[in-house]
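The next block holds one structure in the form of structure tokens; read it before the comments.
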Amino acid sequence: MIKKAALTALAIILLLGVLAPVPLRAAGGLTVLTTSAVKDFPASITFKITAESDAAITDVRLNYVVERMEHARITSEVYVGVEPTTSVATQWVWDMRKTGGLPPGSSVAYWWTVSDASGKKVKTALARVQIEDNRYDWVGITEGKVTLYWYRGNEFFIKELMTATRAALDRLSENTGAELESPVRIYIYASAQDLRGSMIYPQDWTGGVAFTRYSIIALGIAPNLNDLAWGKRVIAHELTHLVIHQVTFNPYGELPTWLDEGLAMVAEGPLESTFVTALYKARTDGQLISVRSLASPFSAYADESILAYAQSQQVVKYLIDEYGREKMLKLLMTFHQGSGYDQALKTVYGFDMDGLDAQWRASFKGGLVQ
Ligand SMILES: [Zn+2]
């Protein structure tokens, strides 16, 4: 008898499993029958629900949380309008064209709350939508905290990219002591065009994006040697942004742009000739940008922005070469506590951004920091 009862219980559990989600019944018969989320990447997610009750269902709400680094948990609530009736089948479409999209590899947690006219209320268990770009058959390879996903190219291609990833993390750790705190996903699209297909309103020139709050990077790198060389640099650059973001994340302020971009440029390896030329030309023409100006977002004009990146690389390299890794790590930790730009520099190095500017210009008279 006992055995049979146990088997029956098992059968019921299995049956409930098949009919997931398990209907939630409040006393008196308010029941959520089904819930689901249908993805149409990257445009939308449609959340669906069916429910019934003895009394008219008057209130249906969807709550969702985008799972990413936040200073405080942000829950969105959507009231889904329903005609009061005892049986409800409704849906809400999250139109990403209005809100901006979510990257592949991200996820959204959600639950429903349903109330009826007799005052009964049911809240469903937390469910999760995993955002994926199902246009391609992704293959993943993981090393340490980094996973690379790709769908075109051979073993050599992906190994080269993984090696560049490891080298970038090693270089960053050597230069600053900063290391990845949580896992990173890197999506390698086979072209910039494929990458743009994953984005809402992409810009024409988009070849790579770092979603720092999600610890996700998406890049368009074709499996040929030209793109590979570029891809290795971009991975090193964007990965550095993610690490630095994880290490310094705080609700009070951002990093000065010269520090954020300078560290990312240093991680790429030696400066490319375009940047070197821009530096010497600006020095000759008396057009070098002040470190204070470089703390703000860079110019959108190509020439100015090349110089801004080049100078940031040099200023950061100067700080590392002259004052060492421990101080750079201390500087990042000071920013993590929400310090202002000048204050952080003064605390760690004893000079502010103008002092840094003067020191770096004097050093540049003798040539580049290699
Ligand atoms: Zn950057």
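Test Ala218 against the stated conditions and say whether it is modelled with pLDDT of 90 or more and either part of a helix (DSSP H, G or I) or within 11 Å of the ligand (Cβ to nearest atom) (or both). Can you show your working first?
Details: modelled with pLDDT of 90 or more: yes; either part of a helix (DSSP H, G or I) or within 11 Å of the ligand (Cβ to nearest atom) (or both): no.
Criteria not met by Ala218.
Checking Leu255, Leu239 one by one, the residue that is within 16 Å of the ligand (Cβ to nearest atom), under 20 Å from Met328 (Cα atoms), in a helix (DSSP H, G or I) and within 18 Å of the chain's Cα centre (by Cα) is Leu239 and no other.
Hey, any hits in the range 297-310 for a residue that's touching a residue at least 40 places away in the same chain (Cβ under 8 Å) and loosely packed, with under 15 Cβ neighbours inside 10 Å? The answer is yes; a qualifying residue exists. The residues of the range 91-109 that are farther than 11 Å from Glu67 by Cα and hydrophobic (A, V, I, L, M, F, W, C), listed by number, are Trp92, Val93, Trp94, Met96.
Being hydrophobic (A, V, I, L, M, F, W, C) and either in the same structural domain as Met199 (by TED's automatic domain parsing) or crowded, with 16+ Cβ neighbours inside 10 Å (or both) is the filter here, so list the residues in the range 118-139 that pass it. Of everything in the range 118-139, those that are hydrophobic (A, V, I, L, M, F, W, C) and either in the same structural domain as Met199 (by TED's automatic domain parsing) or crowded, with 16+ Cβ neighbours inside 10 Å (or both) turn out to be Val122, Ala127, Val129, Ile131, Trp138, Val139.
Does Lys317 satisfy being surrounded by fewer than 19 Cβ atoms within 10 Å (Cβ to Cβ), outside the structural domain of Leu239 (by TED's automatic domain parsing) and of a type in the set (D, E, K, R)?
Numbers: surrounded by fewer than 19 Cβ atoms within 10 Å (Cβ to Cβ): no; outside the structural domain of Leu239 (by TED's automatic domain parsing): yes; of a type in the set (D, E, K, R): yes.
Answer is no for this residue.
In the set (1) over 27 Å from Ile188 (Cβ atoms); (2) free of Cβ contacts under 8 Å to residues at least 40 places away in the same chain; (3) exposed (fewer than 13 other Cβ atoms within 10 Å of the Cβ), Thr99 fails one condition alone, (1).
Would you mention how many residues in the range 123-141 are more than 19 Å from Tyr189 (Cβ to Cβ) and in a strand (DSSP E or B)? Total satisfying the criteria: 4. Considered as a group, the residues in the range 179-200 that are in contact (Cβ under 8 Å) with a residue 60 or more places away in the chain and not hydrophobic (A, V, I, L, M, F, W, C) include one that is nearest to Pro103 (Cα to Cα), and that residue is Ser198.
Each residue in the range 69-106 was checked for being among the small types (Gly, Ala, Ser) and within 30 Å of Thr31 (Cα to Cα), and 4 of them qualify.
Inside the range 266-296, can you point out the residues that are within 14 Å of the ligand (Cβ to nearest atom) and either β-branched (Val, Ile, Thr) or modelled with pLDDT of 95 or more (or both)?
Passing the criteria: Val266, Phe275, Leu294.
Here the condition is being buried (at least 22 other Cβ atoms within 10 Å of the Cβ) and either within 15 Å of the ligand (Cβ to nearest atom) or over 14 Å from the mean Cα position of the chain (by Cα) (or both); of Leu172, Leu228, it holds for Leu172 alone. Examine the range 187-202 for a residue that is at pLDDT 95 or above, buried (at least 21 other Cβ atoms within 10 Å of the Cβ), more than 16 Å from the ligand (Cβ to nearest atom) and under 26 Å from Val247 (Cβ atoms), and state whether such a residue exists. Looking for residues that are at pLDDT 95 or above, buried (at least 21 other Cβ atoms within 10 Å of the Cβ), more than 16 Å from the ligand (Cβ to nearest atom) and under 26 Å from Val247 (Cβ atoms), one finds at least one in the range 187-202, hence yes. Of Ser305, Ser299, all but one fail to be away from the ligand (no atom under 11 Å from the Cβ), in the same structural domain as Ala358 (by TED's automatic domain parsing) and over 19 Å from the mean Cα position of the chain (by Cα); the exception is Ser299.
Please tell me if Ile131 is at negative phi, touching a Phe, Trp or Tyr at 6+ places or on another chain (Cβ under 8 Å) and within 16 Å of the ligand (Cβ to nearest atom). Can you show your working first?
Details: at negative phi: yes; touching a Phe, Trp or Tyr at 6+ places or on another chain (Cβ under 8 Å): yes; within 16 Å of the ligand (Cβ to nearest atom): no.
For Ile131, the condition - at negative phi, touching a Phe, Trp or Tyr at 6+ places or on another chain (Cβ under 8 Å) and within 16 Å of the ligand (Cβ to nearest atom) - is not met.
The values are calculated or read from the model by the stated rules, or taken from the named source; none is laboratory data. Since this is a predicted model, take the numbers as computed values, not measurements. Reconstructed Cβ throughout: ideal geometry from the backbone, glycine too, with neighbour counts over all protein chains shown.
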